[in-house]
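Chemist: Have a look at this one before I ask anything.
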Amino acid sequence: MHTIKLLACGPLLLLATAASAQTESVTPRTEGVSSIGLGGGTGIYGLSGSHWLSDTASINVVAGPWLTYSNLGGGVEVDYLSQMPTLSETRNVVLGWHAGGGVAMGIQTGLGAAAGITGAGIAGVNVHFRPTPVELVVEYRPGVQIAPSFRILWYSATTHLRIYF
């Protein structure tokens, strides 16, 4: 149990160090900007990252444990997101939103090892706290698990906390 706590604290310390070392504000929604943090996909939770392909599109990746019911395994999720116009902007906060889709793949264990594949639609809001390079993301991710068994996932919601660089 202590190992899990240490593994969880390590990335947070890294994020805090990166945030304090940041000399100029990096703004999300800018082509070429990347981020790293902690977050969740459709059943996968762990290291979360994004890269902005343009001012309106990004690729997000989540890698870590795949947690479904009594199963535990590991996997990767890749999402393509279209960034919509900013909803609200103040001196300290920018509120944006996005929509897109993603696919998760991994290995699940528990009742026997099995490959898992899940597709999801994504709608979310992102809050950028200026002038820091910190962003909080909350997403609703309804999806369909294709393997190891077929299920519709209406209830999936996740968060991400990321530092941009």
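Chemist: Tell me, please, whether a residue that is farther than 20 Å from THR30 by Cα, surrounded by 14 or more Cβ atoms within 10 Å (Cβ to Cβ) and not aromatic (Phe, Trp, Tyr) can be found in segment 123-137.
Modeler: no
Chemist: Let me ask you something else. Would you point out the residue of segment 78-92, among those that are over 19 Å from ARG130 (Cβ atoms) and touching a residue at least 40 places away in the same chain (Cβ under 8 Å), that is surrounded by the most Cβ atoms within 10 Å (Cβ to Cβ)?
Modeler: Of everything passing the filter in segment 78-92, LEU81 is surrounded by the most Cβ atoms within 10 Å (Cβ to Cβ).
Chemist: Run down THR109, THR159 and say which single residue is of a type in the set (Val, Ile, Thr) and either touching a residue at least 60 places away in the same chain (Cβ under 8 Å) or in contact with a helix residue (DSSP H, G or I) (Cβ under 8 Å, 6 or more places away or on another chain) (or both).
Modeler: Result of the check over THR109, THR159: THR159.
Chemist: Condition first: among the charged types (D, E, K, R) and crowded, with 19+ Cβ neighbours inside 10 Å. Now tell me which residues in segment 25-54 satisfy that.
Modeler: Across segment 25-54, the qualifying residue is only ARG29.
Chemist: Looking only at segment 25-43, how many residues end up being closer than 22 Å to GLY119 by Cβ, at pLDDT below 90 and either in a strand (DSSP E or B) or in contact with a His (Cβ under 8 Å, 6 or more places away or on another chain) (or both)?
Modeler: Looking only at that region, the number is 0.
Chemist: Count, please, the residues in segment 102-142 that happen to be under 16 Å from PRO65 (Cα atoms) and at pLDDT 95 or above.
Modeler: 1
Chemist: From GLY96, GLY100, which residue is in a strand (DSSP E or B) and touching a residue at least 60 places away in the same chain (Cβ under 8 Å)?
Modeler: GLY96
Chemist: So is ASP55 out of contact with any Phe, Trp or Tyr (no Cβ under 6 Å at 6 or more places or on another chain) and part of a loop (DSSP other than H, G, I, E, B) or not?
Modeler: yes
Chemist: Working carefully through the options ASN92, ASN71, find the one that is within 18 Å of THR30 (Cα to Cα) and modelled with pLDDT under 95.
Modeler: Selected residue: ASN92, the only one of ASN92, ASN71 that is within 18 Å of THR30 (Cα to Cα) and modelled with pLDDT under 95.
The values are calculated or read from the model by the stated rules, or taken from the named source; none is laboratory data. As the structure is a computational prediction, the values presented were derived from the model and not from experiment. Here the Cβ is made from the backbone with ideal geometry for all residues, glycine too, and neighbour counts use every protein chain on show.
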